[in-house]
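The values are calculated or read from the model by the stated rules, or taken from the named source; none is laboratory data. What you are looking at is a predicted structure, and each value in this text was computed from that prediction instead of being measured. Cβ atoms come from the backbone with ideal geometry, glycine included; neighbour counts cover every protein chain shown.
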Amino acid sequence: MDYKKEIEDIIDLILKENASDLHLSSGRPPIIRVSGGLIPLVKKPILTDADMKGFIRAFLGQANQELLETAKDVDFSYSLAHARFRGNAYYHQNVLSIALRLIPKAIRTLSELNLPPILESFTRKPQGFFLVVGPIGQGKTTTLATLIEMINQTRTEHILTIEDPIEYLFESKKSIIDQREVRFDTPDFQSGLTSMFRQDIDVCMVGEMRDINTIATAVTAAETGHLIFSTLHTNNAAQTINRIIDSFPSGQQDQIRIQLAGSLSGVFSQRLIPRISGGLIPAYELLINNNAVANLIREKRIHELNSVVETSSQEGMIDMNRSLAELVRSGEITVESAYMNSLNPKTLERMI
């Protein structure tokens, strides 16, 4: 089989069906994800071990192939003229598998993504720490790319992205943009962040806050005049702040709490929910760090943040339940979908 040609054929089908993901593994046909659901490509043959090795050679360079054999999984990116993917190759029960996520070529606007216009205000800040959070596969990277592109189009800044792997490709416009890939351009996220201080960087997007050293360096960078954007796999703003603080030893938690209170600009949590008319639409929560929020963080009263978000819509904050309720009332999503994505269904029940 010509594996590069087979990949191109499957990718054409992904684009035609508006799919988001592709799964390849021996013992089953290729499977795509459309609007959140998995669909086997039954007209394609069942893949064999030999097929998977052929796909691996087509997708991965020599360095990544060697890493896959030693680490048993590896992140990678893959580009064609008309499509780009973030991928992970891995073993399960000694069987090779590949998962690919489509990365649109064009970086969409907030309006095109159905995201709130207030997010633009965070791209105009001279410094701070802004987090986009949510479970895997909820569009966090796409939202960050949109914010970075807004800065690129409107400000004369030096922007750095540190990613594993590089996903959206940016073209320098008003800003200069440098993109560094972990393992190839920098050993890890923390090393890339640390060296940023010597590279005259104004804005930095860190693909993910994976460890305590990366978090500590990012918070320090936000304190020292940089605008930092990143992601965490958390469910809401309060959980995000607790996760950051709890990742540090007890003796350092008071210090990081004070730093966060001073440097955090906001936390945006999002979910992609099946739309009644087809496709996905986001529901979201936005915490904005004002004096009340900063005091709650410093005073170890994180559990009160949810109430602040619920009662501060006049300051631009957005409550997830209110976002879900509005989507139900406008006919975009079902009541069942709203309840499935609510962290507080009893409160949601009173809004619908």
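Observations on the model:
- Matching helices (runs of 4 or more DSSP H) fully within the stretch 244-352 where at least 3 residues are out of contact with any strand residue (DSSP E or B) (no Cβ under 7 Å at 6 or more places or on another chain) and closer than 24 Å to G128 by Cβ: 250-263, 291-298, 305-310
- Among the candidates R101, R86, residue that is part of a strand (DSSP E or B) and closer than 28 Å to L327 by Cα: R101
- The set of residues in the stretch 187-197 that are within 21 Å of R155 (Cα to Cα) and either buried (at least 18 other Cβ atoms within 10 Å of the Cβ) or touching a residue at least 40 places away in the same chain (Cβ under 8 Å) (or both) contains only M196.
- Residues (in contact with a Ser or Thr (Cβ under 8 Å, 6 or more places away or on another chain) and in contact (Cβ under 8 Å) with a residue 60 or more places away in the chain) located in the stretch 229-243: T231, L232, T234, N235, N236, A237, T240
- Residue satisfying all of: in the stretch 1-24; in contact with a helix residue (DSSP H, G or I) (Cβ under 7 Å, 6 or more places away or on another chain) and at pLDDT 95 or above; surrounded by the fewest Cβ atoms within 10 Å (Cβ to Cβ) among these: L22
- Taken as a whole, the condition of being in a helix (DSSP H, G or I), at pLDDT 95 or above and farther than 19 Å from E163 by Cβ does not apply to R198.
- Among the residues of the stretch 329-352, just one is of a type in the set (V, I, T) and crowded, with 20+ Cβ neighbours inside 10 Å, namely I333.
- Q179 passes every criterion in (1) within 21 Å of P117 (Cβ to Cβ); (2) surrounded by fewer than 21 Cβ atoms within 10 Å (Cβ to Cβ) apart from (1).
- Residues of the stretch 220-237 satisfying the condition of being more than 17 Å from D178 (Cβ to Cβ), of a type in the set (A, V, I, L, M) and out of contact with any Phe, Trp or Tyr (no Cβ under 6 Å at 6 or more places or on another chain): L232, A237
- Scanning the stretch 170-186 for residues that are modelled with pLDDT of 95 or more and in a loop (DSSP other than H, G, I, E, B), we see that the one that is farthest from N152 (Cα to Cα) is D185.
- Residues located in the stretch 282-293, provided they are more than 10 Å from S265 (Cα to Cα) and free of Cβ contacts under 8 Å to residues at least 60 places away in the same chain: A283, E285, N291, A292, V293
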